[in-house]
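Input: a single structure, listed below in structure tokens.
The values are calculated or read from the model by the stated rules, or taken from the named source; none is laboratory data. If you're wondering where the values come from, they're calculated on a predicted model, not measured in any experiment. All Cβ positions, even for glycine, are placed from backbone atoms using ideal geometry, and neighbour counts span all protein chains on display.
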């Protein structure tokens, strides 16, 4: 405060700040952001790396054990299960993109009351993931659930989707797709607004319609929307923590764990006192995400270059 | 009237600075952080704080009640940063991580100098490394709660041996019902079954050796436990899809009359009564005997501790003394409050069918010893891996060898 007033009352003396004002000011504005980013994001990343080389219960002293945590990860079946589940999430979650596109195309028309339908379709994205998880776990309940009520009326055997290790993960992914599809839909709806009507008109004159129109005329113009939908879906799949925690708590017998849930369980949960091991999982997850994000940044960079 | 008198005395003591030990009026603050968040325990805890406050009008009591499940993970932060003066936790090995990290106050002196009379019987559960780290405030029996009316309809009597139990179960299964309700979604209920199966098959001492990591999970005796347990699984004794229910959700099978009994702690009784069952419809029996070994019982104890970083330790000690005193214990554990068993030997057990039976069982028929519970006797990581394996066994009993090999591998790593 004092230095600022001092600087403003003596403008003609040409102090260091006055001479370098143009260069320094942007950094001054950035400084709080950089500081917080460094303290709360960058530093903890390196801390996690550091902790992953230790055995630590989160309370007492750390003991350095080198790469032992990583060696254990390589043979840990829980890690293997979590890793494969993560991959299932990554690929199946991408279904949200075509589903979202389909609904967006369906809703992109001028019918009376279409705004109401649009908001109803968007509704699942607005409610919290925890609520989505609860609703779906009731839907799947082995005896009382709506799904089984429907199956039984059609004369089929009731199923316990969340109780069976083979189906539980798919059940949760299906629950996750519900809000994610809504999200992709809204991205595509805004994208469709920006589609050039002249191009559509020209294509129509050239005789394009239906599938060809969609593939060669509409979709290329939706590329920015697809890109964003891709990014948010991948990120959504990698942080699929809340649904798992609410719907199965990682069970039955750990078959629905993903890396983020596994990490939480090892380090922070009721019986988790293995911060070092948890940090090692976090590092692996970080590297996995880095690959994806690196790819996105690279392709975004390529697009920018083309644009110029 | 009494209120006025107290404030006058307190004012007098404060102004003249003559507060002697007879008055022992506490001043300053006392921050209590409690996990007694279910309706009945919450009311009990609030009552305790209010009563203690009335005894010490100069004391500023701050009571914060945290969700019981959330507390299991929040305790770490609470103990390290800005620690309260009194907290809730559990006995035995569950204290281990905090004791090892020096976060619990050693209160052995209170047990030695006689300020905690009547707690000799429960001292063991509070002891780690030869010192005591807190006081218990309640405990409860585990056992089989059953539908008396269903048993009557089928002409069954309370079984004494495991063979009786299996015979009963066969009749129940034949009548189209299930013998046992259980909800293993949160795993620990399966731990109760294992505790009893193992304590009855191999005895309490063996069970504790297993908890301390001195016996291999692949030991023949452990396999025998599972073989006995499997008899019930194979005959279809448990409700289907139990891995999808919490213990509360599984109660419905019992209240609807689809399952005849439930191996659970006494905390289930209020729920059964609320669901409309009266005491002629529910009853309790001790887990039947399998091998000829002295019976061990699960009787988990809930506790109060002083964090090592607390700022008002003297007030906290006075509170622990107050909570464990005979009269307070009688009132706190009465049927209209917690509805559990008092820890003080001089307290009296409330006249309640289940509390009386439980107290009788634990004081006369648990010669083997009293265990805390699977997740409190086994170290944290072993407990979580173990319970996951137990749940898997209950659903896929054929995976047993794989499960035991996994647990044995974990045992080699966890106990050093």
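Among residues of the range A:62-75 that are within 12 Å of another protein chain (Cβ to nearest Cβ), none has a beta-carbon under 7 Å from a residue that is part of a loop (DSSP other than H, G, I, E, B) and loosely packed, with under 15 Cβ neighbours inside 10 Å at least six positions away or on a different chain. Within the range B:317-339, the residues that satisfy the criterion of being surrounded by 22 or more Cβ atoms within 10 Å (Cβ to Cβ) and at pLDDT below 90 are B:338, B:339.
Quick grid of which residues meet (1) out of contact with any strand residue (DSSP E or B) (no Cβ under 7 Å at 6 or more places or on another chain); (2) modelled with pLDDT of 90 or more; (3) part of a helix (DSSP H, G or I); (4) surrounded by fewer than 19 Cβ atoms within 10 Å (Cβ to Cβ):
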| residue | (1), (2), (3), (4) |
| --- | --- |
| A:249 | yes, no, no, yes |
| A:271 | yes, no, no, no |
| A:296 | yes, no, yes, yes |
| A:300 | yes, no, yes, yes |
| A:303 | yes, no, yes, yes |
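A residue that is at pLDDT 90 or above and within 20 Å of residue B:35 (Cβ to Cβ) cannot be found anywhere in the range B:276-292. Using the structure shown, decide if residue A:139 is crowded, with 16+ Cβ neighbours inside 10 Å and within 14 Å of chain B (Cβ to nearest Cβ). Taking the combined requirement at face value, the residue satisfies it. Of all the listed residues (B:328, B:395, B:343), the sole one being assigned by TED's automatic domain parsing to the domain that holds residue B:93 and over 17 Å from residue B:266 (Cα atoms) is B:328. If only residues of the range A:254-298 that are without any contact (Cβ under 8 Å) to a residue 12 or more places away in the chain and away from every other protein chain (no Cβ under 14 Å) are counted, the one that is farthest from residue A:236 (Cα to Cα) is A:298.
Summed over the range B:173-190, residues that are assigned to a helix (DSSP H, G or I) and crowded, with 23+ Cβ neighbours inside 10 Å total 2. Can you pull out the residues in the range B:252-287 that are surrounded by fewer than 23 Cβ atoms within 10 Å (Cβ to Cβ) and either within 14 Å of chain A (Cβ to nearest Cβ) or in a helix (DSSP H, G or I) (or both)? Matches in the range B:252-287: B:252, B:255, B:256, B:258, B:267, B:268, B:270, B:271, B:272, B:273, B:274. The single condition from (1) within 17 Å of residue B:182 (Cβ to Cβ); (2) not in a helix (DSSP H, G or I) that residue B:294 fails is (1). The criterion of at least 2 residues that are within 18 Å of the chain's Cα centre (by Cα) is met by the following helices (runs of 4 or more DSSP H) wholly inside the range A:72-184: A:77-93, A:96-107, A:114-126, A:129-139.
Residues of the range B:363-374 that are at pLDDT 90 or above and out of contact with any strand residue (DSSP E or B) (no Cβ under 6 Å at 6 or more places or on another chain): B:372, B:374. In the range B:220-237, the count of residues that are surrounded by 19 or more Cβ atoms within 10 Å (Cβ to Cβ), under 17 Å from residue B:385 (Cα atoms) and outside the structural domain of residue B:93 (by TED's automatic domain parsing) is one or more. When the test is whether a residue is surrounded by fewer than 18 Cβ atoms within 10 Å (Cβ to Cβ) and in contact with a helix residue (DSSP H, G or I) (Cβ under 9 Å, 6 or more places away or on another chain), residue A:86 does not pass it.
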